[in-house]
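*Asks:* One structure follows; several queries about it will come next.
The values are calculated or read from the model by the stated rules, or taken from the named source; none is laboratory data. Remember, it's a predicted structure, so these values are computed and weren't measured experimentally. Glycine gets a Cβ as well: all are built from the backbone with ideal geometry, and neighbour counts include every protein chain shown. SASA here: full protein model, heavy atoms, side chains in, ligands and nucleic acids out. Shrake-Rupley method; radii C 1.70, N 1.55, O 1.52, S 1.80 Å.
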Amino acid sequence: MLDDREMFERLLRDHIELFDSEEVEEALNLLNLALEGNGIAMLEIAYIYRMMDKYSESVHWLKEASLLENVDAMYELGNCYFEGLGIEENYDKALLYYKKAAEKGHADSANNLADMYLNGEGVEVNAKEALYWFEIAASQNVVEAMFTLGIMYEQGIGMNPDVERAFHYYLQSAKGGYEEAQYRIGTVFLDGLLGQEKIIHHALEWFEKAAESHHMDSLYNLGFLYENGLGVPRNGKKALYYYKRAALLGDYQAKLNIASIYELGIDVPKNRKEAAKWRNAAMHQMQFGEE
């Protein structure tokens, strides 16, 4: 036990970029609690080892905490088995730990379990089981689960298509801050999908929300709306602003559109040099696959 503490302390002090003296003492106190059988402390020690890139040691403490029925540890252990992080990748065991935690009410485990059933990872594809666990996760405000439920209801995966319920789940996910859902709601209002009216200013609002999280396609769409004056006054400068943000994230078409704006002088002075620069960047990306 003393050797464990001394080794742990040496590791902590070797990572002075992560821990100051007060945090080292706190971590040592947590280790004492973990060695005495405190499950919450075990989980914290696992996190500390992970911060130091000591993944196998992290897994050890996750296993110990899982034996004490710590659902957060079960979830993290499931992630380790799924990703092969500190332990050999094993989808069967990932499924096992996600399911144990999900059955005890752990929302993110329910979402990951549902993903495995949906994608046939470690288990045969089972859309009904996926639907069940996604709905459990969504009821606990997991926005990714809400978004996936939107996809399932829209496409009729495991049930008959239901565009009203699809829109409901997409909207709930978007309101919860999930940028993929915000983008999807934007496209719904842009094109009048899922039984909704085509309302451009609603589309603009949702694209703007997703753009706050640097969502590339939303940034591109905002540029397109401003370039073409769709639902907003045409504004080439704003279009350039959004296109350039999308281009920096690797959007090929945004680079071409920037070139076009400079070539045509849409609300900015014509600039052949800038146009050529962006068009060449697009061509280079197309040829070599580089952003």
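*Asks:* Given a 1.4 Å probe and heavy atoms of the protein chains only, how would you sort H60, H214, largest accessible area at the top?
*Replies:* Details: H60 90, H214 115 Å².
So, going from the largest accessible area down, we get H214, H60.
*Asks:* Put +1 on the Cβ of every Lys and Arg and -1 on every Asp and Glu Cβ in the chain; which of I136, M159, S58 then has its Cα farthest towards the positive end of the dipole?
*Replies:* Most positive-ward Cα: M159.
*Asks:* Quick one: accessible area per residue over the chain, 1.4 Å probe, rounded to a whole number of Å²?
*Replies:* Roughly 52 Å² per residue, with all protein chains present.
*Asks:* Given R₀ = 41 Å, what would the calculated FRET efficiency be for R5 paired with F288, taking r from the Cβ atoms and rounding to 0.05?
*Replies:* 0.20
*Asks:* If R0 is 25 Å, what FRET efficiency do you get for E17 and E212 from their C-beta distance, rounded to 0.05?
*Replies:* 0.25
*Asks:* Moving on. Can you work out the Karplus-derived ³J(HN,Hα) for every residue in region 252-260? Use 6.51 cos²θ - 1.76 cosθ + 1.60 with θ = phi - 60°, whole Hz, and x for glycine or proline.
*Replies:* 4, 5, 4, 5, 5, 5, 4, 4, 5
*Asks:* Roughly how big is the chain's charge dipole about its Cα centre, with Cβ charges of +1 (Lys, Arg) and -1 (Asp, Glu), in debye to the nearest 20? Write out the running numbers ahead of the final one.
*Replies:* Numbers: 27 positive and 49 negative charges, 406 e Å.
Dipole size: approximately 1940 debye.
*Asks:* Can you tell me the 0 to 90 degree angle between the C-alpha axis of helix 39-51 and the longest principal axis of the chain, rounded to 10?
*Replies:* Rounded to the nearest ten degrees, it is 60.
*Asks:* Explain nothing, just compute: Karplus ³J(HN,Hα) = 6.51 cos²θ - 1.76 cosθ + 1.60, θ = phi - 60°, for every residue of region 64-81 in order, whole Hz, x for Gly and Pro.
*Replies:* For region 64-81, the Karplus curve yields 4, 5, 5, 4, 8, 6, 7, 5, 5, 5, 4, 4, 5, 5, x, 4, 5, 5 Hz.
*Asks:* Let me ask something else. For region 15-141, what % of the accessible area comes from carbon and sulfur atoms, probe 1.4 Å?
*Replies:* Carbon plus sulfur share of accessible area: 46 percent.
*Asks:* Of all accessible surface on region 156-277 at a 1.4 Å probe, what whole percent is carbon and sulfur?
*Replies:* 49 percent
*Asks:* Same structure again: Arrange the residues F288, F82 by how much accessible surface each exposes, largest first, with a 1.4 angstrom probe.
*Replies:* On the way: F288 115, F82 60 Å².
Largest accessible area first, the list is F288, F82.
*Asks:* Report, in deg cm²/dmol and to the nearest 500, the calculated mean residue ellipticity at 222 nm for the chain, where each DSSP H run with n ≥ 4 adds -39500 (n - 2.57) and the sum is divided by the residue count.
*Replies:* It lands at -23500 deg cm²/dmol.
*Asks:* Using packing as a proxy for protection, rank 217-224, 83-90, 239-246 so that the peptide with the highest average count of other Cβ atoms within 10 Å comes first.
*Replies:* Sorting 217-224, 83-90, 239-246 by mean packing, highest first, produces 217-224, 239-246, 83-90.
*Asks:* Taking 18 Å as the cut-off for C-alpha to C-alpha distance, list the pairs among K93/K128; K63/K99; K198/K244; K99/K128; K63/K100; K104/K128 that go past it. Let's see the in-between values first.
*Replies:* Numbers: K93/K128 21 Å; K63/K99 15 Å; K198/K244 27 Å; K99/K128 15 Å; K63/K100 13 Å; K104/K128 20 Å.
Too far apart for the 18 Å limit: K93/K128; K198/K244; K104/K128.
*Asks:* Which option, (i) 129; (ii) 178; (iii) 115, is the value of volume of the Cα convex hull per residue in Å³ that was calculated from these coordinates?
*Replies:* The value computed from this structure is option (ii).
*Asks:* Let me ask something additional. Using alpha carbons only, how many degrees (0 to 90, rounded to 10) separate the axis of helix 2-14 from the longest principal axis of the chain?
*Replies:* 30 degrees
*Asks:* Could you compute the FRET efficiency for I151 and L85, with r as their C-beta to C-beta distance and R0 at 25 Å, rounded to 0.05?
*Replies:* 0.35
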